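Reading through the structure tokens given below for one structure.
The values are calculated or read from the model by the stated rules, or taken from the named source; none is laboratory data. Keep in mind that this is a model prediction, so the values were computed, not measured. For neighbour counting, all protein chains shown are included, and Cβ atoms are generated from backbone atoms with ideal geometry for every residue, glycine included.
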Amino acid sequence: MKRKKIVAGNWKMNLSWVEAFDLATSIKEKSEGVAGIQKIIFPPLPYLQMLSVIVEDEADFFVGAQNCSEHEKGAYTGEVSAEMIESAGASFVLVGHSERRMYFSETNEQLIQKINQALKSDLKIIFCFGEHLNERNNNLHFETVKQQLVEVLKHYPKEKTNELLIAYEPVWAIGTGETATPAQAQEMHAFVRKTLSEIFSNEIAQTISILYGGSCNAQNAKELFSCEDVDGGLIGGASLKAEDFCIIMNSF
């Protein structure tokens, strides 16, 4: 089975409503004629519904949420449930992003619960993981990544793996301008695919798209995407510029 080629843009906590509308509209216009590439944008939560309307008639163009609650409903002031996200028109949700792990101390148990809630609401998941600089420098990067994958994904239902995407984020390369070399990216992506084969099966592992998420931009995307096990990118800063995002889309 041929793996999907995917470019996802994580807008994080950026843009006013007008800026978000203009960016989504511009990406939609500039990406016309780009076939065979799945596009996903992850805007701030207040913009989900309106941006979902903008892309709803576009093939392979989806909107996702940057986070969801591990709770189904209840007295959790400020939280947003997976059901609410789905009802606003989103199709995807990020789970386990490094900034959620670092700044909000999200645990593996919380991530498992978030995944369960997302699946109950028919949301597709991009599961994020990756090592810090000290872990790479101490040759612990493979151990760290394997632990993050196994401890969460061993609970993921095999029958839903056809909708699972995962994103390798070397934390030392997020927002720093540093990027893993193509050789480093391929080495880790191949290791990740091997780990997925141990968690699920080799057949399933070969169908799951693995995105690279560490300062991928218009200048380095083509080289990164040429790697055998790199199936696309989870783009940060470069996704805030329609022209750059569309250059990345055309980098396969």
Out of 180, 185, which single residue is at pLDDT 95 or above and over 15 Å from the mean Cα position of the chain (by Cα)? 185
Residue selected from the range 217-239 under the condition in contact (Cβ under 8 Å) with a residue 40 or more places away in the chain and part of a loop (DSSP other than H, G, I, E, B), by the criterion surrounded by the most Cβ atoms within 10 Å (Cβ to Cβ): 230
Return the pairs, sorted by first residue and then second, in which the second residue is of a type in the set (Lys, Arg) and part of a helix (DSSP H, G or I), the first residue lies in the range 44-73 and is over 12 Å from residue 90 (Cβ atoms), the beta carbons are less than 6 Å apart, and the residues are 6+ apart or on different chains. 70/114
Matching residues, the range 38-59, being touching a strand residue (DSSP E or B) at 6+ places or on another chain (Cβ under 7 Å) and either at pLDDT below 95 or loosely packed, with under 12 Cβ neighbours inside 10 Å (or both): 55
Can you pull out the residues in the range 114-151 that are modelled with pLDDT under 95, touching a Phe, Trp or Tyr at 6+ places or on another chain (Cβ under 8 Å) and assigned to a helix (DSSP H, G or I)? 133, 136
Search the range 188-215 for residues being over 18 Å from residue 137 (Cα atoms) and at pLDDT below 95, and hand back the single one that is surrounded by the most Cβ atoms within 10 Å (Cβ to Cβ). 213
Residue satisfying all of: in the range 1-28; part of a helix (DSSP H, G or I), in contact (Cβ under 8 Å) with a residue 12 or more places away in the chain and not β-branched (Val, Ile, Thr); farthest from residue 230 (Cα to Cα) among these: 17
Please tell me if residue 52 is farther than 28 Å from residue 201 by Cβ and in contact with a Gly (Cβ under 6 Å, 6 or more places away or on another chain). yes
Would you confirm, using the coordinates I've provided, whether residue 208 is touching a residue at least 24 places away in the same chain (Cβ under 8 Å), assigned to a helix (DSSP H, G or I) and out of contact with any Cys (no Cβ under 8 Å at 6 or more places or on another chain)? no
Identify all residues within the range 35-84 that are within 18 Å of residue 236 (Cβ to Cβ) and of a type in the set (Gly, Ala, Ser); write none if there are none. 64, 65
Do any residues in the range 84-113 that are part of a loop (DSSP other than H, G, I, E, B) have Cβ atoms under 7 Å from those of residues that are aromatic (Phe, Trp, Tyr) and surrounded by 17 or more Cβ atoms within 10 Å (Cβ to Cβ), where the two are at least six apart or on different chains, and which pairs are they? 91/62; 96/127; 96/129
